[in-house]
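Asks: I'd like to ask some things about the structure below.
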């Protein structure tokens, strides 16, 4: 009997249905990969991960905020269904067969946009505190708003991000009425076979051939990167991981930007049974918080006027394909009914110049703005 070929549909059409039907899901593409994966949960009953929960052994798409509390939780999207690249008719029918539109992200309050004069003032205050010797580095963030109804354009935005940022982790998730999308260049910790790797990523410049040469970067940028590298070295040492390989610093292109980067890799077994503790020690790194970490965190929460929510948290698949791929949530935006909220930040040291730091955040915001402008 002749086999009947089922008609296949692009995963972007499946993404559209998930958005229209208000499903709980995450869709992602790993760096330097072609495959797109959709993780779909049948209901909205998300698993909340506590500080006592072990990450190894879990399976799904993990979402962790910058600071975990009763408002911003650690969630795990259950992989009731996993689809990749194309779906056949039966799979598409399955996605359409369950619907729950009881959640509405448009009801969430929008944070205020950070005005330039306010951010410059915050930068000046931060630099003064650093020069007193209280801190080595502090990372400040700000928000930027784009007015418009973009929810229906999210499949196109996700597709364009995949095309434009091949070296980034590109994702979109929708949970409990929250919807975020981004293209982050920074791994927090990832596995490959029997090895784990993490990176020190700091310092940002626009892409040019000149900026690809390490010798052209200034002292402030190099020191900022060294702080992050030293932070990771200390964390690994505290967890008795000494047999790591280190490569860098070197320049790494990320779309229209270039960063300074150092790579760390070490055997999976070197963590013993403490991988979850290692992950929590690495977050938040000095690349998104500062040094000393806890003191910088208190300073940031006092000075910044917005809740970072899932910006500068971490996210990614765990236990899918027997791997763990967790990335720091940078170059991201929150999607609301009538606007997009962009979150960008800059690492501040004693050598920082406020106007230059503002311009750096503008350059980072262009990562997503350049995509949004293509669909207007």
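The values are calculated or read from the model by the stated rules, or taken from the named source; none is laboratory data. Keep in mind the model is a prediction, meaning the values are calculated, not measured. Cβ atoms come from the backbone with ideal geometry, glycine included; neighbour counts cover every protein chain shown.
Asks: Filter the stretch 242-280 down to the residues that are at negative phi and part of a loop (DSSP other than H, G, I, E, B) and list them by number. It would help to see each step written out before you state the result.
Replies: Filtering the stretch 242-280 down to residues at negative phi leaves 242-247, 249-254, 256-271, 273-280.
Result: 242, 243, 244, 256, 273, 274.
Asks: For the list (1) crowded, with 17+ Cβ neighbours inside 10 Å; (2) touching a helix residue (DSSP H, G or I) at 6+ places or on another chain (Cβ under 8 Å); (3) farther than 30 Å from residue 79 by Cα, I need the number of the one condition that residue 134 fails.
Replies: (1)
Asks: Can I ask one more? Could you list, in sequence order, the residues of the stretch 141-167 that are touching a helix residue (DSSP H, G or I) at 6+ places or on another chain (Cβ under 6 Å) and within 23 Å of residue 296 (Cβ to Cβ)?
Replies: Answer for the stretch 141-167, where residues must be touching a helix residue (DSSP H, G or I) at 6+ places or on another chain (Cβ under 6 Å) and within 23 Å of residue 296 (Cβ to Cβ): 142, 144.
Asks: Something else about it: When you check residue 84 against the structure, is it touching a strand residue (DSSP E or B) at 6+ places or on another chain (Cβ under 8 Å), crowded, with 19+ Cβ neighbours inside 10 Å and in contact (Cβ under 8 Å) with a residue 24 or more places away in the chain, yes or no?
Replies: Details: touching a strand residue (DSSP E or B) at 6+ places or on another chain (Cβ under 8 Å): yes; crowded, with 19+ Cβ neighbours inside 10 Å: no; in contact (Cβ under 8 Å) with a residue 24 or more places away in the chain: yes.
No, not satisfied.
Asks: For residue 51, all conditions in the list (1) at negative phi; (2) modelled with pLDDT of 85 or more hold save one; what is the number of the exception?
Replies: Failing condition for residue 51: (2).
Asks: Right, next: Condition test on residue 140, is it part of a helix (DSSP H, G or I) and surrounded by 19 or more Cβ atoms within 10 Å (Cβ to Cβ)?
Replies: On the way: part of a helix (DSSP H, G or I): no; surrounded by 19 or more Cβ atoms within 10 Å (Cβ to Cβ): yes.
Spelling it out, it is not the case that residue 140 is part of a helix (DSSP H, G or I) and surrounded by 19 or more Cβ atoms within 10 Å (Cβ to Cβ).
Asks: Anything in the stretch 274-292 that is touching a residue at least 60 places away in the same chain (Cβ under 8 Å) and either surrounded by fewer than 19 Cβ atoms within 10 Å (Cβ to Cβ) or more than 11 Å from residue 137 (Cα to Cα) (or both)? List them, or say none. Spell out the reasoning first.
Replies: If we filter the stretch 274-292 for residues that are touching a residue at least 60 places away in the same chain (Cβ under 8 Å), which is where we start, we get 275-276, 278-280, 282-292.
If the condition is that a residue be touching a residue at least 60 places away in the same chain (Cβ under 8 Å) and either surrounded by fewer than 19 Cβ atoms within 10 Å (Cβ to Cβ) or more than 11 Å from residue 137 (Cα to Cα) (or both), then 275, 276, 278, 279, 280, 282, 283, 284, 285, 292 are the ones that fit.
Asks: Inside the stretch 45-89, can you point out the residues that are out of contact with any helix residue (DSSP H, G or I) (no Cβ under 8 Å at 6 or more places or on another chain), closer than 18 Å to residue 325 by Cβ and part of a loop (DSSP other than H, G, I, E, B)? First the steps, then the outcome.
Replies: Going through the stretch 45-89, the residues out of contact with any helix residue (DSSP H, G or I) (no Cβ under 8 Å at 6 or more places or on another chain) turn out to be 45-50, 52, 57-66, 68-80, 82, 88-89.
Of the ones still in play, those that are also closer than 18 Å to residue 325 by Cβ are 49, 57-64, 74-79, 82.
Passing the criteria: 57, 58, 59, 78, 79.
Asks: When the residues of the stretch 337-369 are filtered to those that are more than 18 Å from the chain's Cα centre (by Cα) and closer than 25 Å to residue 63 by Cβ, which remaining residue is surrounded by the most Cβ atoms within 10 Å (Cβ to Cβ)?
Replies: Only one residue tops the list, namely 339.
Asks: I'd like to check something: does the stretch 365-372 contain any residue that is under 28 Å from residue 37 (Cβ atoms), touching a residue at least 24 places away in the same chain (Cβ under 8 Å) and part of a loop (DSSP other than H, G, I, E, B)?
Replies: Quick first cut of the stretch 365-372, residues under 28 Å from residue 37 (Cβ atoms) only: 365-372.
Within this subset, residues satisfying the condition of being touching a residue at least 24 places away in the same chain (Cβ under 8 Å) are 365-372.
Among the residues that remain, those that are also part of a loop (DSSP other than H, G, I, E, B) are: none.
For the stretch 365-372, residues under 28 Å from residue 37 (Cβ atoms), touching a residue at least 24 places away in the same chain (Cβ under 8 Å) and part of a loop (DSSP other than H, G, I, E, B): absent.
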